[in-house]
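Here is the structure we will look at, set down as structure tokens.
The values are calculated or read from the model by the stated rules, or taken from the named source; none is laboratory data. Only a predicted model underlies this, so the values are computations on that prediction, with no experimental measurement involved. Cβ: placed from backbone, ideal geometry, glycine included. Neighbour counts: every protein chain shown.
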Amino acid sequence: MSRMHRDRLKRQGRLRLCVQVIAAAFLNGYAAGFVKKSIFTGKTKLFCVPVLNCYACPGALGACPIGAMQTVAGGKGRSISFYVLGLLMLFGTVFGRLLCGFLCPFGLIQDLLVRIPLKKLTVPRSADRLLRYLKYAVLLIMVLLLPAAVQNELGSGDPWFCKYLCPAGTLEGGIPLVLLNPTLRSLAGVLFTWKTAVLLSILILSVKIPRVFCRYLCPLGAFYALFNRFACYQMQVAEHKCIACGKCTSVCPMQLDVPQEICSGECIRCGRCKAACPADAIRTDFSVLREKQEHTA
Amino acid sequence: MKRKRILRLCGLLCGAALTALGILRGEPEVILQKAVKICLECIGIG
Ligand code: SF4
């Protein structure tokens, strides 16, 4: 890669990092929560944020859409939440997985961990292709089916994803609250140990495999992936400009074959490939009804 | 290309309609009630 493109990649990385940090600070802007050892209780929590951000985080100002979906599914009506589904459809149709690449706080954590200079692991292609489906199973089974189908002793459904898997909940809510609040600390038991182990495994894996949680486990990523192909925000490779150098593929954190898969549900629109392309063959486009005609992949 | 535009429009219209329906069913209040209490499942306590 030429020096110019290396610099461009660095600049783009810094810019994206700034956006990610600002988004994480904004979504968790209730600093008083950390001092009061409690959580925000204002009306902004009527609204679901477009990313995985735990509402049990002391700083969280909005509701987590995945937590909210399970709350309604496990509630009295045992139904899918039209409100959350509708909001996520709107977010997905407008932005697709750009939200994963630029706004998600747990994506930011993974992007910071991958900067630790240790040799990265390339997941074998066949395993990678298979594991990608796991996140759809998580969405279907843990977020939509089990909370509605299995009753707990109180007659409601547990939020299975939050309870047994979500690493964002443990990191943003569990650890700070258990550290700050002695009552909660005294209640922490086997489940807390399990969730901490899940979180640690994901964090350690994130050092070696970029965006491992987004690739294989995130139910919100799975939902947005369904919209990525036709969302208003698009990325495309102009075939007539592409010189097939492979630089885009080598920098992709999602381990995509960029010219073939940039339009797939897996691309988080991080823009690294665009910054690395020596032929300026990758373009971004935002439109609702208009469609630029170009020879594209 | 035309298919994408149609899907986009469907996504936006269905999304807006479902959101409105959810609001009419009172779902945001259910979510608020959950979100303003410390979610014990989320933090790994119960
Ligand atoms: S294809 Fe490009 S924009 Fe998409 S995840 Fe890979 S590097 Fe990022």
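Can you confirm whether residue A:222 is in a helix (DSSP H, G or I) and away from the ligand (no atom under 13 Å from the Cβ)?
So residue A:222 fits the description; yes.
Across segment A:166-208, what is the number of residues that are in contact (Cβ under 8 Å) with a residue 40 or more places away in the chain and within 7 Å of chain B (Cβ to nearest Cβ)?
5
Would you mind finding the one in A:230, A:213 that is more than 9 Å from the ligand (Cβ to nearest atom), within 14 Å of another protein chain (Cβ to nearest Cβ), out of contact with any strand residue (DSSP E or B) (no Cβ under 9 Å at 6 or more places or on another chain) and not acidic (Asp, Glu)?
So the residue among A:230, A:213 that is more than 9 Å from the ligand (Cβ to nearest atom), within 14 Å of another protein chain (Cβ to nearest Cβ), out of contact with any strand residue (DSSP E or B) (no Cβ under 9 Å at 6 or more places or on another chain) and not acidic (Asp, Glu) is A:230.
Return yes when residue A:86 is at the interface with chain B (Cβ under 9 Å from one of its Cβ atoms), in a helix (DSSP H, G or I), more than 17 Å from the chain's Cα centre (by Cα) and not basic (Lys, Arg) and no when it is not.
So residue A:86 fits the description; yes.
How many residues are facing chain A (nearest Cβ under 7 Å) and not in a loop (DSSP other than H, G, I, E, B) when one looks only at segment B:22-38?
Of the residues in that region, 9 qualify.
Give the residues of segment A:53-79 that are part of a loop (DSSP other than H, G, I, E, B) and more than 7 Å from every other protein chain (Cβ to nearest Cβ), sorted by residue number.
A:53, A:57, A:58, A:59, A:60, A:61, A:62, A:64, A:76, A:77, A:78, A:79
Determine which single condition residue A:43 fails, assuming it passes every other condition in (1) surrounded by fewer than 15 Cβ atoms within 10 Å (Cβ to Cβ); (2) under 25 Å from residue A:223 (Cα atoms).
(2)
Is at least one residue of segment A:286-295 modelled with pLDDT of 95 or more, over 28 Å from residue A:174 (Cα atoms), surrounded by fewer than 15 Cβ atoms within 10 Å (Cβ to Cβ) and more than 9 Å from the ligand (Cβ to nearest atom)?
yes
How about segment A:108-208: which helices (runs of 4 or more DSSP H) wholly inside it have at least 3 residues that are under 22 Å from the mean Cα position of the chain (by Cα) and outside the structural domain of residue A:251 (by TED's automatic domain parsing)?
Helices (runs of 4 or more DSSP H) meeting the threshold: A:125-131, A:134-137, A:160-164, A:190-208.
If I ask for residues that are out of contact with any Pro (no Cβ under 8 Å at 6 or more places or on another chain) and over 13 Å from residue A:226 (Cα atoms), which ones from segment A:86-96 would you list?
The answer is A:86, and nothing else.
Which pairs have Cβ atoms under 8 Å, sit 6 or more apart or on different chains, and link a residue in segment A:237-264 that is away from chain B (no Cβ under 14 Å) and within 23 Å of residue A:214 (Cα to Cα) to one that is near the ligand (Cβ under 10 Å from one of its atoms) and hydroxyl-bearing (Ser, Thr, Tyr)?
A:256/A:249; A:256/A:264; A:257/A:249; A:258/A:249; A:259/A:249
Could you list, in sequence order, the residues of segment A:236-275 that are acidic (Asp, Glu), within 8 Å of the ligand (Cβ to nearest atom) and in a loop (DSSP other than H, G, I, E, B)?
Hit for segment A:236-275 is A:266, nothing else.
For residues that are among the aromatic types (Phe, Trp, Tyr) and closer than 20 Å to residue A:147 by Cβ, tally how many sit in segment A:18-69.
So the count comes out to 1.
Which residue out of A:51, A:35, A:19 is surrounded by fewer than 15 Cβ atoms within 10 Å (Cβ to Cβ), closer than 20 Å to residue A:271 by Cβ and not hydroxyl-bearing (Ser, Thr, Tyr)?
A:19
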